[in-house]
1. For the full complex of protein chains and a 1.4 angstrom probe, list Asp114, Asp147 by accessible area with the highest value first.
2. Can you give the Rg to Rh ratio of the stretch 34-108, both from alpha-carbon atoms, with Rh computed by the Kirkwood formula?
3. By how many nm would the segment from Val98 to Leu49 lengthen if fully extended, with 0.36 nm per residue of separation less the alpha-carbon distance?
4. How big is the chain on each of its three principal axes, counting only the C-alpha atoms and giving the largest first in Å?
5. Stick to Cα atoms and the Kirkwood definition of Rh, then tell me Rg/Rh for the stretch 125-170.
6. Under a 1.4 angstrom probe, counting protein chains only, how are Arg127, Arg77 ranked by accessible area, largest first?
7. Could you check which residue among Val148, Val38, Val98 shows the biggest mean-square fluctuation in a GNM of the chain with a 10 Å Cα cutoff?
8. With the Cα gyration tensor of the stretch 87-131 in hand, give its eigenvalues times 5 under a square root as the equivalent ellipsoid semi-axes, listed largest first in whole angstrom.
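The values are calculated or read from the model by the stated rules, or taken from the named source; none is laboratory data. All of these numbers come straight from a predicted model, not from anything done at the bench. When the accessible area is computed, the model is the full protein with side chains, heavy atoms only, and any ligands, DNA or RNA have been set aside. Shrake-Rupley method; radii C 1.70, N 1.55, O 1.52, S 1.80 Å.
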Amino acid sequence: MLKLGNGTDRKDSISLKESGCTSIAVTGEVTKDGHTYVGQTWDNLHACLNTMIAHLVIPDSGTPSFFYVGEAGIISRMGMNSAGIGIGVNSLSTNGPVNFEGVPLQFVIRGVMDSANLAQAIESVTRMPNGAVNNIMIAYKDSEAVDVEIDHDNCECLYPVNSIITHKIG
């Protein structure tokens, strides 16, 4: 899991030896404190370590503020917003087609971060064609979670079984 704000060195929070990110969401029905959680490992390229940032965005537009961790220059990656939305993101490999007219992943993620609830978050992922193949784990403070798998022209939403949902690459 990516550890935020606990003094852990970023090199200890990112696995560089194994490929394949894992995301998990656990809803409040099975957590000790009743809260919903989302998290992920991020098995990124070693070269990306020096580009990692933590960023707080406070929009003027009336959309929720959000915090994310990602590469410098990226408009959004995994994180959480002030409305209670949290996400983990996995980019997937495929031999399938890429939609060069589709929406790039970071803009899809930004749409999720601008959402006030889970329904808006799902709609922000599914309303326009995606540019590539991705998996977005979305959790919401009201004990809701969904795993959205998207490619160039399809979308599938998977929901927790027994209040837990996971996605693993590799």
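1. Numbers: Asp114 50, Asp147 0 Å².
The ordering from most to least exposed comes out as Asp114, Asp147.
2. Numbers: Rg = 14.3 Å, Rh = 14.3 Å.
Radius of gyration over Kirkwood radius for the stretch 34-108 works out to 0.99.
3. Length gained, Val98 through Leu49: 14.9 nm.
4. Sorted from largest, the Cα extents of the chain read 43, 38, 35 Å.
5. A ratio of 1.00.
6. Numbers: Arg127 130, Arg77 25 Å².
Sorted descending by solvent-accessible area, the residues read Arg127, Arg77.
7. It is Val98.
8. Working from the Cα gyration tensor, I get semi-axes of 21, 11, 8 Å.
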